Amino acid sequence: MDTRFSCAIHALILISEAERPINSTAIAASVGTNASYIRKLTTRLAKAGFIASSRAAGGFTLTVPAQQISLRDIYCAVTDTDRIQLFDIHGNPNDECVVGAHIRPTLTDVFARQQEALERELTTTTLADCIASMRSRL
């Protein structure tokens, strides 16, 4: 998992909490990256229907209530996938080794349980939950 996910959550919280539309330069300053990176993320978030941009207004606004946007929705939007891939298994274990012969099915089972737990958590946690957590720290 790369930083697109956390940067997208950061940007969406900032957009949600802004009193007026906020542009990619201001978002980038808060995230600590460059505006072109933010524009790539906001393009994906807009395609998913979470935000809209207006040249007249000069920035982005949230188009869906924060409590209706799950973290899984955000992840899928910025990674262009419907499936979260948390772990991979190395490709060439030695089948003549006792560990090598059994590592793939062992890890497949372990990783599947972890994957299911993560997907459940991301599905039930919303952008509004993240906003509430942030506000509790102020």
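The values are calculated or read from the model by the stated rules, or taken from the named source; none is laboratory data. What you see is a predicted model; the values in this text were computed from it and never measured. All Cβ positions, even for glycine, are placed from backbone atoms using ideal geometry, and neighbour counts span all protein chains on display. These area figures cover heavy atoms from the full protein model, side chains too; ligands, DNA and RNA do not enter into them. Shrake-Rupley method; radii C 1.70, N 1.55, O 1.52, S 1.80 Å.
Brief remarks follow.
- If the segment from residue 30 to residue 6 were pulled out straight at 0.36 nm per residue, it would be longer than the present Cα-Cα gap by 7.4 nm.
- Rounded, prolate or oblate (a/c below 1.5 giving rounded, otherwise prolate when a/b exceeds b/c) for segment 68-138 by Cα gyration tensor: prolate
- Rounded to the nearest 20, the size of the Cβ-charge dipole of segment 1-55 about its Cα centre is 280 debye, with Lys and Arg at +1 and Asp and Glu at -1.
- Dipole of the chain [Lys/Arg +1, Asp/Glu -1 at C-beta], most positive-end residue of 77, 10, 23: 23
- Relative packing of 53-59, 91-97, 32-38, which averages over residues the other C-beta atoms within 10 Å, highest first: 32-38, 53-59, 91-97
- Taking the longest Cα principal axis of the chain as reference, the axis of helix 4-17 is set at about 30 degrees.
- Accessible surface ranking for 40, 47, 1.4 angstrom probe, highest first: 47, 40.
- Only helices enter the 222 nm calculation for the chain: every DSSP H run of n ≥ 4 contributes -39,500 (n - 2.57), and dividing by all residues gives -19000 deg cm²/dmol, rounded to 500.
- Its Cα centre serving as origin, segment 27-135 has a Cβ charge dipole (Lys and Arg +1, Asp and Glu -1) of approximately 720 debye.
- Accessible surface comparison of 13, 84, probe 1.4 Å, protein chains only, largest first: the order is 13, 84.
- Cα→Cβ-extended label distance, 7 Å offset, between residue 55 and residue 136, nm: 4.3 nm
- Eigen-decomposition of the gyration tensor built on the alpha-carbon atoms of segment 1-93 gives equivalent ellipsoid semi-axes of 27, 14, 10 angstrom, largest listed first.
- Rh by Kirkwood over Cα pairs, then Stokes-Einstein D for segment 43-86 at 1.567 mPa s and 4 °C, µm²/s: 115 µm²/s
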